[in-house]
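Every number in this text was worked out from the coordinates using simple rules, so none of it is lab data. If you're wondering where the values come from, they're calculated on a predicted model, not measured in any experiment. As a convention, Cβ positions derive from the backbone with ideal geometry for all residues, glycine included, and neighbour counts pool all protein chains shown.
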Amino acid sequence: MTRTDGAAVSSSARLAAHARCAGRLLALVLLCVPLRAQAGGEDAQHFAEKGAEAFKAAQYWEAAVAFEKAAQLEPGNPKNLRYAGRAWQEVGHLRKALVLLEAYLKIEPDAALKASAEEKIAPLRNLTPQQHVDALTAALVKYPQARMESEAAKAYEELGDEAAFKKAAELWEVAKVRASSDSERMVAENGSARVAQRLLGADRRECA
């Protein structure tokens with residue numbers, strides 16, 4: 001096996017592990033929310049309708065957020081998972097879309113609907129790290145309100161070359177500034193430190 005082949009296998013393994021962990025996290029979140037629960041007097045139907053309106057207006061980030069909320073409030077309804085996944089796919093957060101769509105397939109009882117969803121999911125399962133980076137980079141420009149700098153930084157890190165690490169460092173700095181909570185800020189600080197260490201190691205190898 002060549003070095004390139006080995007890197008590809010390693011990258012694929014990381015992507016698979018990421019998807020498995022994200023899937024488990026999604027399941028835990030949905031299971032912890034009571035069926036037909038209400039938030040601030042607004043139920044799942046309200047958020048589903050809000051998501052549908054946003055999707056029709058090509059406001060995909062707003063649609064994704066609304067459908068995810070509907071899915072949390074009504075985890076037994078597969079439609080909300082499917083529409084949330086499709087909305088995130090349009091936004092460009094393709095891994096998140098994959099997690100939601102895979103979760104949808106697990107609870108959708110209609111074989112015809114599952115088959116039609118498979119057409120949307122198939123390309124996501126074969127997503128390369130570069131495709132993931134390209135989609136998130138475009139999403140950052142189109143949907144700045146989504147604050148996806150952390151996701152984009154992680155995607156750049158997976159590319160593994162020095163130029164990608166430098167871009168990741170820039171994104172982690174932005175993520176620190178835009179963090180809306182202490183936990184988000186800590187994730188950004190840890191990411192920034194991790195990338196700085198990698199870049200320092202690269203500099204030392206060049207000077208050796």
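The Cβ shell under 13 Å around Ala179 holds other residues with a net charge of -1, Lys and Arg each +1, Asp and Glu each -1. A straight chain from Ala196 to Ala138 at 0.36 nm per residue would run longer than the Cα-Cα distance by 18.4 nm. In nm, give the distance between the simple-model label positions of Glu162 and Gln131, each being 7 Å from the Cα along the Cα-to-Cβ direction. Rounded to a tenth, the inter-label distance reads 3.0 nm. With 0.36 nm allotted per residue and the present C-alpha distance subtracted, the Arg147-Ile107 stretch has 11.4 nm of extension available. Straight-line reach from Lys167: taking Cα to Cα under 16 Å and skipping same-chain neighbours fewer than 8 places apart, the lysines in range are Lys154, Lys176.
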